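Below is one structure, written out as C-alpha coordinates; comments come after it.
The values are calculated or read from the model by the stated rules, or taken from the named source; none is laboratory data. Quantities reported herein were computed from a predicted structural model and do not represent experimental measurements. Counting neighbours? That spans all protein chains shown, and the Cβs are built from the backbone with ideal geometry, glycine included. For accessibility, only protein heavy atoms count, side chains too; no ligands or nucleic acids. Shrake-Rupley method; radii C 1.70, N 1.55, O 1.52, S 1.80 Å.
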Amino acid sequence: MSPMRIGIDFGGTKIEAVGLGADGAILARKRVPNPGAYDAAIDAVAGLVAFIESESGRTGAIGMGTPGSRSPRTGLMRNSNSTYLNGRRFGDDLEARLGRPVRLANDANCLALSEATDGAAAGAKVAFAIIIGTGCGGGLVVDGSLVEGVGGVAAEIGHIGLPWPSAEEAPGPKCWCGLHGCLETWVSGSGLQRDHLERTGQALDAPGIVAAARLGEAASVESLDRYVDRLGRAIAMVTNLVDPDVFVLGGGMSNVTELYERLPAVVERHAFSDQWAGRIAPAVWGDASGVRGAARLWAL
Ligand SMILES: [Zn+2]
(Lines give C-alpha, C1' and ligand atoms only; values in the text may rest on other atoms or scores of the structure.)
Protein backbone atom coordinates (compact mmCIF):
# COMPACT_ATOMS: atom_id res chain seq x y z
CA MET A 1 0.00 0.00 0.00
CA SER A 2 1.32 3.43 -0.86
CA PRO A 3 2.17 5.77 2.00
CA MET A 4 -0.04 8.57 3.28
CA ARG A 5 0.59 11.91 4.92
CA ILE A 6 -1.97 13.52 7.17
CA GLY A 7 -2.23 17.29 7.07
CA ILE A 8 -4.17 19.17 9.73
CA ASP A 9 -5.12 22.83 9.54
CA PHE A 10 -5.76 24.05 13.07
CA GLY A 11 -7.86 27.15 12.50
CA GLY A 12 -9.49 29.50 14.96
CA THR A 13 -13.01 28.34 14.13
CA LYS A 14 -12.51 24.90 12.58
CA ILE A 15 -9.98 22.11 12.43
CA GLU A 16 -9.61 20.31 9.10
CA ALA A 17 -7.67 17.16 8.26
CA VAL A 18 -6.83 15.43 4.99
CA GLY A 19 -5.05 12.22 4.12
CA LEU A 20 -2.80 12.91 1.15
CA GLY A 21 -1.46 10.12 -1.06
CA ALA A 22 2.05 10.13 -2.48
CA ASP A 23 0.71 11.67 -5.71
CA GLY A 24 -1.02 14.53 -3.84
CA ALA A 25 -4.52 13.03 -4.20
CA ILE A 26 -6.84 13.43 -1.23
CA LEU A 27 -7.73 10.01 0.22
CA ALA A 28 -9.96 11.26 3.03
CA ARG A 29 -10.94 14.57 4.59
CA LYS A 30 -12.96 15.88 7.49
CA ARG A 31 -13.48 19.16 9.31
CA VAL A 32 -14.85 19.79 12.77
CA PRO A 33 -15.46 22.99 14.75
CA ASN A 34 -12.59 24.14 16.95
CA PRO A 35 -13.87 23.38 20.46
CA GLY A 36 -12.06 26.38 21.91
CA ALA A 37 -10.51 24.58 24.88
CA TYR A 38 -7.19 22.79 25.21
CA ASP A 39 -8.08 19.22 26.20
CA ALA A 40 -11.05 19.17 23.84
CA ALA A 41 -8.79 20.37 21.00
CA ILE A 42 -6.39 17.45 21.59
CA ASP A 43 -9.42 15.12 21.54
CA ALA A 44 -10.67 16.70 18.31
CA VAL A 45 -7.31 16.24 16.55
CA ALA A 46 -7.06 12.62 17.73
CA GLY A 47 -10.60 12.01 16.44
CA LEU A 48 -9.74 13.46 13.03
CA VAL A 49 -6.61 11.32 12.72
CA ALA A 50 -8.60 8.19 13.66
CA PHE A 51 -11.24 9.07 11.05
CA ILE A 52 -8.72 9.69 8.25
CA GLU A 53 -6.88 6.45 8.99
CA SER A 54 -10.04 4.39 9.18
CA GLU A 55 -11.45 5.91 5.95
CA SER A 56 -8.22 5.39 4.01
CA GLY A 57 -7.16 2.12 5.63
CA ARG A 58 -3.66 3.56 6.05
CA THR A 59 -1.46 5.00 8.77
CA GLY A 60 -0.07 8.47 8.14
CA ALA A 61 2.76 10.77 9.17
CA ILE A 62 1.18 13.83 10.77
CA GLY A 63 1.88 17.50 10.07
CA MET A 64 -0.11 20.40 11.45
CA GLY A 65 -0.46 24.04 10.56
CA THR A 66 -1.11 26.16 13.64
CA PRO A 67 -1.75 29.78 14.35
CA GLY A 68 1.37 31.10 16.04
CA SER A 69 4.35 28.82 16.42
CA ARG A 70 6.20 26.53 18.78
CA SER A 71 9.30 28.06 20.34
CA PRO A 72 12.25 25.82 19.47
CA ARG A 73 13.85 26.90 22.76
CA THR A 74 11.03 26.15 25.17
CA GLY A 75 8.68 23.89 23.16
CA LEU A 76 5.82 26.17 24.22
CA MET A 77 3.30 27.68 21.80
CA ARG A 78 3.43 31.45 21.30
CA ASN A 79 1.67 34.19 19.30
CA SER A 80 -1.40 32.05 18.66
CA ASN A 81 -4.76 33.74 18.26
CA SER A 82 -6.29 30.53 19.65
CA THR A 83 -4.98 31.95 22.90
CA TYR A 84 -5.64 28.83 24.97
CA LEU A 85 -2.69 27.25 23.10
CA ASN A 86 -0.18 29.87 24.23
CA GLY A 87 2.27 28.67 26.84
CA ARG A 88 1.18 25.04 26.35
CA ARG A 89 3.24 22.08 25.10
CA PHE A 90 0.79 21.48 22.27
CA GLY A 91 3.23 19.53 20.07
CA ASP A 92 4.41 17.29 22.90
CA ASP A 93 0.88 16.70 24.16
CA LEU A 94 -0.32 15.73 20.68
CA GLU A 95 2.62 13.37 20.23
CA ALA A 96 1.89 11.72 23.57
CA ARG A 97 -1.77 11.29 22.63
CA LEU A 98 -1.12 10.05 19.07
CA GLY A 99 1.93 7.96 19.89
CA ARG A 100 4.04 9.31 17.06
CA PRO A 101 5.91 12.46 16.04
CA VAL A 102 3.87 15.45 14.91
CA ARG A 103 5.44 18.29 12.93
CA LEU A 104 4.10 21.80 13.46
CA ALA A 105 4.41 24.89 11.30
CA ASN A 106 2.56 28.19 11.06
CA ASP A 107 -0.02 28.80 8.35
CA ALA A 108 2.26 30.93 6.15
CA ASN A 109 4.93 28.24 6.17
CA CYS A 110 2.29 25.68 5.16
CA LEU A 111 1.17 27.95 2.32
CA ALA A 112 4.77 28.29 1.11
CA LEU A 113 5.40 24.55 1.23
CA SER A 114 2.13 23.67 -0.49
CA GLU A 115 2.58 26.18 -3.30
CA ALA A 116 6.27 25.35 -3.81
CA THR A 117 5.41 21.64 -4.12
CA ASP A 118 2.60 21.66 -6.66
CA GLY A 119 1.16 25.17 -6.76
CA ALA A 120 2.05 28.60 -8.08
CA ALA A 121 5.75 28.19 -7.19
CA ALA A 122 6.21 24.58 -8.32
CA GLY A 123 9.82 24.07 -9.43
CA ALA A 124 11.02 27.41 -8.02
CA LYS A 125 14.51 27.51 -6.54
CA VAL A 126 13.42 30.12 -3.99
CA ALA A 127 9.73 30.64 -3.19
CA PHE A 128 8.37 33.22 -0.77
CA ALA A 129 4.73 33.12 0.33
CA ILE A 130 2.96 36.09 1.86
CA ILE A 131 -0.42 35.81 3.54
CA ILE A 132 -2.29 39.11 3.34
CA GLY A 133 -5.52 38.54 5.20
CA THR A 134 -6.62 39.61 8.64
CA GLY A 135 -2.93 39.52 9.54
CA CYS A 136 0.27 39.15 7.53
CA GLY A 137 2.68 36.21 7.58
CA GLY A 138 5.44 34.85 5.39
CA GLY A 139 7.08 31.56 4.50
CA LEU A 140 10.31 30.74 2.68
CA VAL A 141 11.04 27.53 0.76
CA VAL A 142 14.45 26.93 -0.84
CA ASP A 143 14.99 23.93 -3.13
CA GLY A 144 11.71 22.45 -1.90
CA SER A 145 12.62 22.71 1.80
CA LEU A 146 11.06 25.01 4.33
CA VAL A 147 13.49 27.47 5.94
CA GLU A 148 12.37 27.88 9.55
CA GLY A 149 15.48 29.45 11.08
CA VAL A 150 17.33 28.77 14.31
CA GLY A 151 14.63 30.44 16.39
CA GLY A 152 11.68 29.48 14.19
CA VAL A 153 10.96 33.01 13.00
CA ALA A 154 12.43 32.96 9.48
CA ALA A 155 10.32 34.84 6.93
CA GLU A 156 8.10 36.51 9.59
CA ILE A 157 7.60 39.43 7.29
CA GLY A 158 4.49 40.71 9.10
CA HIS A 159 6.55 42.06 11.99
CA ILE A 160 9.29 43.78 10.05
CA GLY A 161 8.86 47.54 9.76
CA LEU A 162 7.50 48.99 6.51
CA PRO A 163 10.61 49.57 4.37
CA TRP A 164 11.47 52.96 2.81
CA PRO A 165 8.85 54.74 4.92
CA SER A 166 7.84 58.29 4.13
CA ALA A 167 7.83 60.86 6.93
CA GLU A 168 4.10 60.40 7.43
CA GLU A 169 4.47 56.60 7.59
CA ALA A 170 6.93 56.78 10.50
CA PRO A 171 6.82 55.55 13.21
CA GLY A 172 3.58 53.92 12.03
CA PRO A 173 0.66 52.42 13.91
CA LYS A 174 1.17 50.45 17.08
CA CYS A 175 1.15 46.71 16.40
CA TRP A 176 -0.24 44.07 18.77
CA CYS A 177 3.31 42.63 18.95
CA GLY A 178 4.49 45.75 20.82
CA LEU A 179 6.37 47.45 17.97
CA HIS A 180 5.27 50.27 15.67
CA GLY A 181 4.84 50.28 11.91
CA CYS A 182 5.02 46.51 11.33
CA LEU A 183 4.08 45.46 7.80
CA GLU A 184 1.03 43.71 9.24
CA THR A 185 -0.37 47.10 10.23
CA TRP A 186 -0.07 48.29 6.59
CA VAL A 187 -0.44 45.39 4.13
CA SER A 188 -2.98 43.12 5.83
CA GLY A 189 -6.61 43.62 4.82
CA SER A 190 -7.16 45.13 8.27
CA GLY A 191 -4.22 47.47 7.63
CA LEU A 192 -5.82 48.77 4.42
CA GLN A 193 -9.07 49.29 6.33
CA ARG A 194 -7.32 51.20 9.15
CA ASP A 195 -5.34 53.39 6.75
CA HIS A 196 -8.47 54.25 4.77
CA LEU A 197 -10.39 55.10 7.94
CA GLU A 198 -7.60 57.36 9.22
CA ARG A 199 -7.31 59.21 5.91
CA THR A 200 -10.97 59.55 5.02
CA GLY A 201 -13.06 58.88 8.12
CA GLN A 202 -14.87 56.19 6.05
CA ALA A 203 -15.31 52.85 7.83
CA LEU A 204 -15.12 50.56 4.80
CA ASP A 205 -13.71 47.04 4.97
CA ALA A 206 -10.95 46.01 2.55
CA PRO A 207 -13.28 44.47 -0.11
CA GLY A 208 -15.41 47.61 0.10
CA ILE A 209 -12.40 49.87 -0.50
CA VAL A 210 -11.31 47.77 -3.49
CA ALA A 211 -14.85 47.80 -4.94
CA ALA A 212 -15.10 51.59 -4.52
CA ALA A 213 -11.67 52.06 -6.11
CA ARG A 214 -12.81 50.04 -9.12
CA LEU A 215 -15.73 52.43 -9.50
CA GLY A 216 -13.28 55.33 -9.49
CA GLU A 217 -14.15 56.78 -6.05
CA ALA A 218 -11.17 59.09 -5.51
CA ALA A 219 -10.35 58.44 -1.84
CA SER A 220 -10.53 54.68 -2.32
CA VAL A 221 -8.36 54.87 -5.45
CA GLU A 222 -5.74 56.68 -3.35
CA SER A 223 -6.00 54.16 -0.52
CA LEU A 224 -5.49 51.27 -2.93
CA ASP A 225 -2.57 53.14 -4.53
CA ARG A 226 -0.89 53.51 -1.13
CA TYR A 227 -1.56 49.84 -0.38
CA VAL A 228 0.05 48.67 -3.65
CA ASP A 229 3.07 50.88 -3.06
CA ARG A 230 3.58 49.53 0.47
CA LEU A 231 3.19 45.88 -0.49
CA GLY A 232 5.52 46.45 -3.44
CA ARG A 233 8.16 47.88 -1.10
CA ALA A 234 7.83 44.80 1.13
CA ILE A 235 8.36 42.53 -1.86
CA ALA A 236 11.37 44.59 -2.97
CA MET A 237 12.89 44.26 0.51
CA VAL A 238 12.53 40.46 0.40
CA THR A 239 14.00 40.52 -3.11
CA ASN A 240 17.07 42.31 -1.77
CA LEU A 241 17.44 39.60 0.90
CA VAL A 242 16.78 36.29 -0.88
CA ASP A 243 15.68 37.27 -4.43
CA PRO A 244 12.87 34.69 -4.83
CA ASP A 245 11.92 33.33 -8.24
CA VAL A 246 8.28 33.48 -7.19
CA PHE A 247 6.24 35.36 -4.59
CA VAL A 248 2.98 33.58 -3.85
CA LEU A 249 0.20 35.66 -2.32
CA GLY A 250 -2.51 34.10 -0.15
CA GLY A 251 -5.27 35.38 2.11
CA GLY A 252 -8.22 37.63 1.25
CA MET A 253 -6.20 40.46 -0.33
CA SER A 254 -4.57 38.00 -2.75
CA ASN A 255 -7.90 37.97 -4.65
CA VAL A 256 -7.34 41.60 -5.73
CA THR A 257 -6.28 41.00 -9.35
CA GLU A 258 -4.91 44.54 -9.76
CA LEU A 259 -2.01 43.61 -7.47
CA TYR A 260 -0.46 41.31 -10.07
CA GLU A 261 -0.55 44.01 -12.74
CA ARG A 262 0.71 46.84 -10.56
CA LEU A 263 3.17 45.40 -8.03
CA PRO A 264 6.04 44.62 -10.46
CA ALA A 265 6.60 48.32 -11.26
CA VAL A 266 6.92 49.15 -7.55
CA VAL A 267 9.29 46.24 -6.95
CA GLU A 268 11.47 47.29 -9.87
CA ARG A 269 11.66 50.82 -8.50
CA HIS A 270 12.99 49.66 -5.11
CA ALA A 271 14.89 46.41 -5.70
CA PHE A 272 18.66 46.75 -5.99
CA SER A 273 18.77 45.28 -9.47
CA ASP A 274 18.90 46.50 -13.06
CA GLN A 275 16.18 44.03 -13.97
CA TRP A 276 14.01 42.27 -11.43
CA ALA A 277 13.63 38.66 -12.59
CA GLY A 278 10.99 37.42 -10.16
CA ARG A 279 7.24 37.07 -10.53
CA ILE A 280 4.22 37.42 -8.28
CA ALA A 281 1.32 34.97 -8.45
CA PRO A 282 -1.82 34.12 -6.47
CA ALA A 283 -1.90 30.87 -4.53
CA VAL A 284 -3.29 27.99 -6.58
CA TRP A 285 -4.69 25.96 -3.71
CA GLY A 286 -6.41 28.76 -1.80
CA ASP A 287 -7.75 27.71 1.57
CA ALA A 288 -6.61 24.11 1.01
CA SER A 289 -2.96 25.22 1.28
CA GLY A 290 -3.21 24.85 5.06
CA VAL A 291 -3.90 21.13 5.04
CA ARG A 292 -1.81 20.38 1.94
CA GLY A 293 1.24 22.23 3.25
CA ALA A 294 0.91 20.64 6.70
CA ALA A 295 0.88 17.18 5.14
CA ARG A 296 4.05 18.09 3.26
CA LEU A 297 5.98 18.83 6.44
CA TRP A 298 6.94 15.19 5.99
CA ALA A 299 8.86 13.93 2.96
CA LEU A 300 7.77 10.55 1.68
ZN1 LIG B 1 4.18 43.66 14.88
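Quick one: is residue 205 charged (D, E, K, R) and in contact with a Lys or Arg (Cβ under 8 Å, 6 or more places away or on another chain)?
Judged against the criteria, residue 205 is not a match.
Checking each residue in region 20-66 for being part of a strand (DSSP E or B) and either charged (D, E, K, R) or under 17 Å from residue 94 (Cβ atoms) (or both) picks out 29, 30, 31, 32, 60, 61, 62, 63, 64, 65, 66. Hey, does region 174-184 have a residue that's in a helix (DSSP H, G or I) and either under 22 Å from residue 108 (Cβ atoms) or at pLDDT 95 or above (or both)? Yes; the residues of region 174-184 include at least one that is in a helix (DSSP H, G or I) and either under 22 Å from residue 108 (Cβ atoms) or at pLDDT 95 or above (or both).
Of all residues assigned to region 92-109, at least one qualifies as being away from the ligand (no atom under 14 Å from the Cβ), among the small types (Gly, Ala, Ser) and more than 29 Å from residue 243 (Cα to Cα). Residues in region 243-264 that are buried (at least 18 other Cβ atoms within 10 Å of the Cβ), of a type in the set (Val, Ile, Thr) and free of Cβ contacts under 8 Å to residues at least 60 places away in the same chain: 256 only. Against the test of being within 16 Å of the ligand (Cβ to nearest atom) and under 27 Å from residue 271 (Cα atoms), the options 239, 185 yield a single qualifying residue, 185.
Number of residues in region 286-297 that are out of contact with any Asp or Glu (no Cβ under 7 Å at 6 or more places or on another chain) and crowded, with 18+ Cβ neighbours inside 10 Å: the value is 6. Here 153, 142 are screened, and the one residue that is farther than 22 Å from residue 259 by Cα, surrounded by fewer than 17 Cβ atoms within 10 Å (Cβ to Cβ) and within 14 Å of the chain's Cα centre (by Cα) is 153.
Within region 37-77, the only residue that satisfies the criterion of being among the β-branched types (Val, Ile, Thr) and open to solvent by 50 Å² or more (accessible area, probe 1.4 Å) is 59.
Going by what's in this entry, would residue 169 be described as surrounded by 16 or more Cβ atoms within 10 Å (Cβ to Cβ) and within 9 Å of the ligand (Cβ to nearest atom)?
No: the conditions fail for residue 169.
Which of the residues belonging to region 265-279 are under 24 Å from residue 212 (Cβ atoms) and surrounded by 16 or more Cβ atoms within 10 Å (Cβ to Cβ)?
266
Candidates are the residues of region 143-155 that are touching a residue at least 24 places away in the same chain (Cβ under 8 Å) and either within 16 Å of the ligand (Cβ to nearest atom) or out of contact with any Leu (no Cβ under 7 Å at 6 or more places or on another chain) (or both); the one that is nearest to residue 209 (Cα to Cα) is 155. Residues of region 80-98 include at least one that is under 20 Å from residue 252 (Cα atoms), within 14 Å of the chain's Cα centre (by Cα) and buried (at least 16 other Cβ atoms within 10 Å of the Cβ).
In the set (1) open to solvent by 20 Å² or more (accessible area, probe 1.4 Å); (2) more than 15 Å from the ligand (Cβ to nearest atom); (3) among the small types (Gly, Ala, Ser); (4) modelled with pLDDT of 95 or more, the condition left unmet by residue 161 is number (2).
Specify which of the listed residues (204, 231) is in a loop (DSSP other than H, G, I, E, B), more than 12 Å from the ligand (Cβ to nearest atom) and in contact (Cβ under 8 Å) with a residue 12 or more places away in the chain.
Working: 231 fails: in a loop (DSSP other than H, G, I, E, B).
Of the residues listed, the single one that is in a loop (DSSP other than H, G, I, E, B), more than 12 Å from the ligand (Cβ to nearest atom) and in contact (Cβ under 8 Å) with a residue 12 or more places away in the chain is 204.
Scanning region 185-201 for residues that are without any contact (Cβ under 8 Å) to a residue 12 or more places away in the chain and outside any loop (DSSP other than H, G, I, E, B) yields a total of 2.
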